[in-house]
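Peer 1: Pasting in a structure now, in structure tokens, and then I'll have a few things to ask.
The values are calculated or read from the model by the stated rules, or taken from the named source; none is laboratory data. Quick caveat: nothing in here was measured; it's all calculated off a predicted structure. Note that each Cβ is placed from the backbone with ideal geometry, even for glycine, and that neighbours are counted across all protein chains shown. We work out accessible area using only protein heavy atoms, side chains counted, and drop any ligands, DNA or RNA first. Shrake-Rupley method; radii C 1.70, N 1.55, O 1.52, S 1.80 Å.
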Amino acid sequence: MLEDLLARLEALVDGFAAEDGAERLRFPPACARADVERSGYLEGLPHLLGTVHAFAGDEREHRALLAESRDGRDLTRSQRSTAIVLAPAACYPVYPLIAARGPLSSRGVLVAVASWCFRHEPSGEPTRLQFFRMREQVCFGSSEQVLDFRARWMERAQALVRALEMPGRLALANDPFFGRAGRVLEESQRAQSLKFELSIPVHDPERPTACFSFNYHRDHFARSFGIRTAEGTFAHTACAGFGLERLAFALMRHHGLDPGAWPRTVRAVPWSRRCAP
């Protein structure tokens with residue numbers, strides 16, 4: 001049932017996005033460590049990143065590894081980090097790809113991307129999965145173009161939640177940056193209105209779950225990867241992200257585990273085409 005519901009939600013998002021004509025991209029749930037380091041992810045969110053390690057020993061170390069395994073000891077002693085990390089968000093492989101194509105057209109670029117993602121975020125809260133599926137719409141262009149894109153997707157997401165007859169609240173937000181310096185980043189992010197979230201009560205009515213995220217990066221990623229507009233200036237970027245499992249959990253929380261028993265109006269939602277606001 002869950003997989004069917006996730007597929008329906010993806011189709012619903014596709015319906016809302018259809019008129020944009022975004023380029024559709026899909027990536028594996030991993031990306032180059034160098035690209036994530038270049039993006040600045042480690043500066044604010046080192047505690048969330050999952051790295052990929054592999055055995056790097058010789059035959060002698062292999063025999064020691066087998067002995068340690070039989071004894072129930074730590075198996076990571078002879079492992080080394082690889083050039084791969086687990087994707088912390090679906091959009092991270094997009095930036096180096098767009099940069100490699102050269103300057104943007106005057107219309108900018110719109111991308112629809114999806115991926116499995118990982119964040120090292122242990123929590124007893126059932127909606128905060130470490131592995132999860134994310135859909136993102138990513139816009140590259142001038143500040144006016146990307147802010148218009150973000151505003152449009154904030155309206156669309158609210159329309160989607162209304163169509164599914166769930167309570168949702170759009171509010172200014174910040175990422176969970178790490179440490180003392182992270183508090184400065186959080187304050188800056190809020191002061192510049194760079195991040196909004198649309199939250200729906202799922203597990204705790206007093207602490208609703210963020211199911212949609214709308215982020216304005218200014219020219220951060222463009223400077224990191226060398227992405228320029230047709231005029232030669234650094235591009236601005238924004239993204240609208242959707243946590244598919246969280247949306248599915250929200251639907252089951254508010255309408256029950258049996259989709260056949262959901263309200264008639266919710267079952268009548270045109271899952272495969274755009275819902276009217």
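Peer 1: Considering only the range 64-102, how many residues are touching a Gly at 6+ places or on another chain (Cβ under 6 Å) and within 20 Å of VAL52 (Cβ to Cβ)? Spell out how you get there, then give the answer.
Peer 2: The first filter runs over the range 64-102 and keeps only residues touching a Gly at 6+ places or on another chain (Cβ under 6 Å), leaving 78, 86, 99.
If we keep only those that are within 20 Å of VAL52 (Cβ to Cβ) too, we end up with 78, 86.
Here the count works out to 2.
Peer 1: Something else: For the range 225-272, how many residues are of a type outside the set (S, T, N, Q), open to solvent by less than 30 Å² (accessible area, probe 1.4 Å) and under 30 Å from ARG101 (Cβ atoms)?
Peer 2: Number of matching residues: 10.
Peer 1: Could you name every one of the strands (runs of 3 or more DSSP E) located completely within the range 93-203 that has at least 3 residues being in contact with a helix residue (DSSP H, G or I) (Cβ under 8 Å, 6 or more places away or on another chain) and surrounded by 14 or more Cβ atoms within 10 Å (Cβ to Cβ)?
Peer 2: Where strands (runs of 3 or more DSSP E) fall fully within the range 93-203 and carry at least 3 residues being in contact with a helix residue (DSSP H, G or I) (Cβ under 8 Å, 6 or more places away or on another chain) and surrounded by 14 or more Cβ atoms within 10 Å (Cβ to Cβ), they are 109-118, 131-141, 195-200.
Peer 1: Tell me which residues, restricted to the range 48-80, are at pLDDT 90 or above, surrounded by 14 or more Cβ atoms within 10 Å (Cβ to Cβ) and touching an Asp or Glu at 6+ places or on another chain (Cβ under 9 Å).
Peer 2: Scanning the range 48-80 gives a single hit, LEU48.
Peer 1: Next question. Only one of LEU170, LEU160 is without any contact (Cβ under 8 Å) to a residue 60 or more places away in the chain and among the aliphatic types (A, V, I, L, M); which?
Peer 2: Details: LEU160 fails: without any contact (Cβ under 8 Å) to a residue 60 or more places away in the chain.
Answer to the selection: LEU170.
Peer 1: What are the residues in the range 16-31 that are open to solvent by less than 60 Å² (accessible area, probe 1.4 Å), out of contact with any Ser or Thr (no Cβ under 6 Å at 6 or more places or on another chain) and not in a strand (DSSP E or B), if any?
Peer 2: PHE16, ALA17, ASP20, ALA22
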